[in-house]
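Working notes, beginning with the structure itself.
Values in this text are rule-based calculations from the coordinates and carry no lab data. Since the structure is predicted, the reported quantities are computational estimates derived from the model, not experimental observations. No Cβ is skipped: glycine too gets one built from the backbone with ideal geometry, and neighbour counts run over all protein chains shown.
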Amino acid sequence: MAKNEKRERERWLRAFGQAVRERRLQLGVSQEKLGFLSGLDRTYVSALERGVRNPTVLVLWKVAKGLEATLGEILGRAEEITRASGGD
């Protein structure tokens, strides 16, 4: 993987994690509760929010459902975050 590609990937994963965290906090739920609602372990939710996990499409869908949002809403917010941080 090229250096720029790796940086872009990491930026997107962090942005997705930030979007998840923002929505979770808006709902006032803990990582543990989001894990329960999404069918995921709390530690996995934590890793997603930190941008250290590369989730599958199914996991993305589960998280969005647990956040009472569409996948498009979460990914759209992640894109906004990425653009604001200087990404494409």
For the chain, size of Cβ-based charge dipole, Lys and Arg +1, Asp and Glu -1, in debye: 220
Calculated from backbone phi, Karplus (6.51, -1.76, 1.60) coupling profile of segment 44-57 in Hz, x at Gly/Pro: 5, 4, 4, 5, 4, 5, 8, x, 9, 10, 10, x, 6, 4
Theoretical gain in end-to-end length, K33 to E5 [0.36 nm per residue, Cα-Cα removed]: 6.7 nm
Volume per residue that the Cα convex hull of segment 44-87 spans, once the total is divided by residue count, Å³: 78
Histogram of C-alpha separations across the chain, 5 Å bin width, %: 3, 16, 27, 27, 15, 8, 4, 1
Relative pair counts by distance (%), Cα atoms of segment 1-46, 10 Å bins: 27, 41, 21, 10
Angle between the chain longest axis and helix 71-84 axis [Cα atoms, degrees, rounded to 10]: 40
